[in-house]
1. Might you let me know whether segment 131-140 holds any residue that is under 18 Å from Gly302 (Cα atoms), within 15 Å of the chain's Cα centre (by Cα) and touching a residue at least 40 places away in the same chain (Cβ under 8 Å)?
2. Has segment 285-298 got at least one residue that is β-branched (Val, Ile, Thr), at pLDDT below 85 and under 15 Å from the mean Cα position of the chain (by Cα)?
3. Hey, among Gly162, Gly180, which residue is within 16 Å of Gln289 (Cβ to Cβ) and either modelled with pLDDT of 85 or more or surrounded by fewer than 17 Cβ atoms within 10 Å (Cβ to Cβ) (or both)?
4. When you scan segment 323-343, how many residues do you find that are surrounded by 14 or more Cβ atoms within 10 Å (Cβ to Cβ) and either modelled with pLDDT under 90 or part of a loop (DSSP other than H, G, I, E, B) (or both)?
5. Scan segment 28-39 and give yes if some residue there is more than 23 Å from Gln109 (Cα to Cα), surrounded by 20 or more Cβ atoms within 10 Å (Cβ to Cβ), among the hydroxyl-bearing types (Ser, Thr, Tyr) and at pLDDT 70 or above, otherwise no.
6. Every residue in segment 236-266 that is modelled with pLDDT under 85 and in a loop (DSSP other than H, G, I, E, B), please.
7. Of the numbered conditions (1) modelled with pLDDT under 65; (2) not in a strand (DSSP E or B), Gly66 satisfies every one except a single condition; which is it?
8. If you take the residues of segment 76-122 that are of a type in the set (D, E, K, R) and either modelled with pLDDT of 55 or more or in a helix (DSSP H, G or I) (or both), which of them is farthest from Trp184 (Cα to Cα)?
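The values are calculated or read from the model by the stated rules, or taken from the named source; none is laboratory data. In this text the structure is predicted, and so the values were computed from the model without any measurement. Glycine gets a Cβ as well: all are built from the backbone with ideal geometry, and neighbour counts include every protein chain shown.
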Amino acid sequence: MLRETLFSELAKFSLEFKKVKAGDEVLIVVSADTETSRYSALVTMCKAIEAIPHVLIVNTPKEAIGLWSLGRSVKLPRTVAEALKASDYIFWFADWDPAFLQEIRDARQAGAQFLFGWQSSSKEANWHIRDIDSVALAEKAQRWAKMLNEHKGKEFRLVTGGEELVGTTRRFEGWGPYSGKASWTQNECMSVGDFNDTNGVQVVDWIGTLSEVTPGETAKLIIKNGVLIKAEGEMGESFMKALTIIEDPNVYKLAELAVGMNPYTRKGLTSLGPPNLPMTVPPYHEIKQSEGTVHTAFGDSGGRIMQPGEMGIIAKLHIDVISFRPTLFIDGKKYVEDGKLLI
């Protein structure tokens, strides 16, 4: 019951956020395996305000396997491209597929407004998603990666809360929204590996394993030769206790350095303002992608982008820690200042 109530609230807010009104054509795009409860509330809310809901079931590549109107007897065009262009608002619940990228661009050019559907886990409900240009965001991250890789093997200095963390850069990769199975939040310039020459202190505002932590609390993480040896502050002490339970010495090793690139994500509980529903606290993977943040991580380096000769870490977990207002120098050049990208 709680789940259905939450989806109803999300649907209501989504329509209000986009200012959907009576008579608007609303196309709800789903895949064949999309759980009905994820979008049925949206259909109900559309009817409640006398908007006209339609459901389009898509398969890949570029195949519409079902299309019907739940609001009236008039049918939309059969092709995905024409159905998208005929709509005022499009709620995309289907898995992201680059095959539809051109159709989506054409629909936006024709005036359709997009809102990508919230994720299946209610704790990670992204009900505030805005229109984004995923291609542009990916290109920005890739441009940053190319730029930072000119300093590969050079010193980085991460300044947070008056403290410094110093080490050597590894190879960077740029990632954009919907990379692989990632959601719209994905947008970072990241490097992974064994940062075993890193020393100093990082002040962090959010830790991936501690989603109940409220904004304003911080942790001071002390790192020696790439290993977390001490953590201060209430959140820091809780973090160390969590790591102890894992019983894996490699979870204390620094495995990542990354810059958030997404200008549409939230950093904390109150940044969006009311209504702020229970269970809609931004998940850490959204926060860590937020533009101007810097996150490091401890534990497994994933092997996601490792190349021959690069050192990685194998551990039970990969745990991100995020600083909201960092300043980052690489090879003596300042790239991020007080949570703002400079380039």
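1. Residues of segment 131-140 under 18 Å from Gly302 (Cα atoms): none.
No, because not a single residue in segment 131-140 is under 18 Å from Gly302 (Cα atoms), within 15 Å of the chain's Cα centre (by Cα) and touching a residue at least 40 places away in the same chain (Cβ under 8 Å).
2. yes
3. Working: Gly162 fails: within 16 Å of Gln289 (Cβ to Cβ).
Among Gly162, Gly180, only Gly180 is within 16 Å of Gln289 (Cβ to Cβ) and either modelled with pLDDT of 85 or more or surrounded by fewer than 17 Cβ atoms within 10 Å (Cβ to Cβ) (or both).
4. Selection size over segment 323-343: 5.
5. yes
6. Across segment 236-266, the qualifying residues are Glu247, Tyr264, Thr265, Arg266.
7. Checking Gly66 against (1) modelled with pLDDT under 65; (2) not in a strand (DSSP E or B), the one that fails is (2).
8. Residues of segment 76-122 that are of a type in the set (D, E, K, R), as a first pass: 78, 82, 85, 88, 95, 97, 103, 105-106, 108.
From the residues that got through so far, the ones that are either modelled with pLDDT of 55 or more or in a helix (DSSP H, G or I) (or both) too are 78, 82, 85, 88, 103, 105-106, 108.
Working: Arg78: 27, Glu82: 24, Lys85: 22, Asp88: 21, Glu103: 18, Arg105: 16, Asp106: 19, Arg108: 17 Å.
Across segment 76-122, the extreme among qualifying residues is Arg78.
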